[in-house]
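Peer 1: Here it is, the structure in full.
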């Protein structure tokens, strides 16, 4: 996987139908991977499975499912079902979570790194062996029946939206790579890539998620980015990487401009150590500019 797009819908009659149509449109323009965030409405592995089955040109992934409030047995079942449905084109993205996520489940947000380590340990055992006998401090995974899903091969790749030093260490040891969002090129090269690489036995995947729009309405699109991305400035992990990049706002990290501007911005992420780049918020300037952005992605993909 190299270049991709994160897809989302708004004000639609049927969310699944809308995302499938968006995915078909993106694939027709040469985009080769589509990613779906985990919110509190749809189920992202199920959506990825549907899209991957209906649009076989696409690799599909989730970015990212918080481990708090979930169990490795359940996530392993979801991920393997999506992998079988897509014939090996599914990529599982996980996240540590936050107090916001934990509160929705009525759970305390405590010992997040321990929880992440135990979740990944149990999950990997389930995916690699078809069973588990894991007893941690916070999680237990001891299925009485086999957990392997026929056709779920190769083993589902596991990526974690890790950006802090401790989370990156655990991710390097137990996952296949990381999914940083709003971590600019300077932060990638100086902080994220060195930290995960030191902890990993093999070269990790670094899938950079970057808000980007190809548009002529730079001022208006920037204003909408300021409004729509402001939420992330209140989350400590995102606030940290925004500041590490020397930015004041999340919108400062968005790539907004003509094709040359956005393409140059994407190249900076690869130069900083990203192995893949996924563009987010491509709908900020409307459908026409979203299509313009996807065309650029397809052209860049074809030229790689």
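Peer 1: Of the conditions (1) assigned to a loop (DSSP other than H, G, I, E, B); (2) crowded, with 19+ Cβ neighbours inside 10 Å; (3) modelled with pLDDT under 95, residue 304 fails just one. Which one is it?
Peer 2: Of the numbered conditions (1) assigned to a loop (DSSP other than H, G, I, E, B); (2) crowded, with 19+ Cβ neighbours inside 10 Å; (3) modelled with pLDDT under 95, the odd one out for residue 304 is (2).
Peer 1: In the range 231-280, how many residues are surrounded by fewer than 21 Cβ atoms within 10 Å (Cβ to Cβ), assigned to a loop (DSSP other than H, G, I, E, B) and either touching a residue at least 40 places away in the same chain (Cβ under 8 Å) or in contact with a strand residue (DSSP E or B) (Cβ under 7 Å, 6 or more places away or on another chain) (or both)?
Peer 2: Residues that pass the stated criteria total 8.
Peer 1: I'm trying to understand the selection: among the residues of the range 119-162, which are within 13 Å of residue 94 (Cβ to Cβ), touching a helix residue (DSSP H, G or I) at 6+ places or on another chain (Cβ under 8 Å) and in a loop (DSSP other than H, G, I, E, B)?
Peer 2: Passing the criteria: 156, 162.
Peer 1: Among the residues of the range 97-110, is any touching a residue at least 60 places away in the same chain (Cβ under 8 Å), under 19 Å from the mean Cα position of the chain (by Cα) and either buried (at least 23 other Cβ atoms within 10 Å of the Cβ) or closer than 26 Å to residue 234 by Cβ (or both)? Reasoning before the result, please.
Peer 2: At the first step, the residues of the range 97-110 found to be touching a residue at least 60 places away in the same chain (Cβ under 8 Å) are 98, 100, 104.
Remaining after also requiring under 19 Å from the mean Cα position of the chain (by Cα): 98, 100.
This time we only want the ones that are either buried (at least 23 other Cβ atoms within 10 Å of the Cβ) or closer than 26 Å to residue 234 by Cβ (or both), so: 98, 100.
So far as the range 97-110 goes, yes, one or more of its residues are touching a residue at least 60 places away in the same chain (Cβ under 8 Å), under 19 Å from the mean Cα position of the chain (by Cα) and either buried (at least 23 other Cβ atoms within 10 Å of the Cβ) or closer than 26 Å to residue 234 by Cβ (or both).
Peer 1: Right, another one. Within the range 286-294, does at least one residue satisfy the condition of being touching a strand residue (DSSP E or B) at 6+ places or on another chain (Cβ under 6 Å), surrounded by 22 or more Cβ atoms within 10 Å (Cβ to Cβ) and not in a loop (DSSP other than H, G, I, E, B)?
Peer 2: Within the range 286-294, one or more residues are touching a strand residue (DSSP E or B) at 6+ places or on another chain (Cβ under 6 Å), surrounded by 22 or more Cβ atoms within 10 Å (Cβ to Cβ) and not in a loop (DSSP other than H, G, I, E, B).
Peer 1: So in the range 4-32, with the set limited to residues that are farther than 17 Å from residue 283 by Cβ and touching a residue at least 40 places away in the same chain (Cβ under 8 Å), which one is surrounded by the fewest Cβ atoms within 10 Å (Cβ to Cβ)?
Peer 2: If we take residues in the range 4-32 being farther than 17 Å from residue 283 by Cβ and touching a residue at least 40 places away in the same chain (Cβ under 8 Å), then 30 is surrounded by the fewest Cβ atoms within 10 Å (Cβ to Cβ).
Peer 1: Identify all residues within the range 163-197 that are buried (at least 22 other Cβ atoms within 10 Å of the Cβ), at negative phi and part of a loop (DSSP other than H, G, I, E, B); write none if there are none.
Peer 2: 163, 175, 179, 180, 183, 184 - these are the residues of the range 163-197 that are buried (at least 22 other Cβ atoms within 10 Å of the Cβ), at negative phi and part of a loop (DSSP other than H, G, I, E, B).
The values are calculated or read from the model by the stated rules, or taken from the named source; none is laboratory data. Just so you know, these numbers come straight off a predicted model, no measurement behind them. Every residue, glycine as well, gets a Cβ built from its backbone with ideal geometry; the counts of neighbours run over all protein chains shown.
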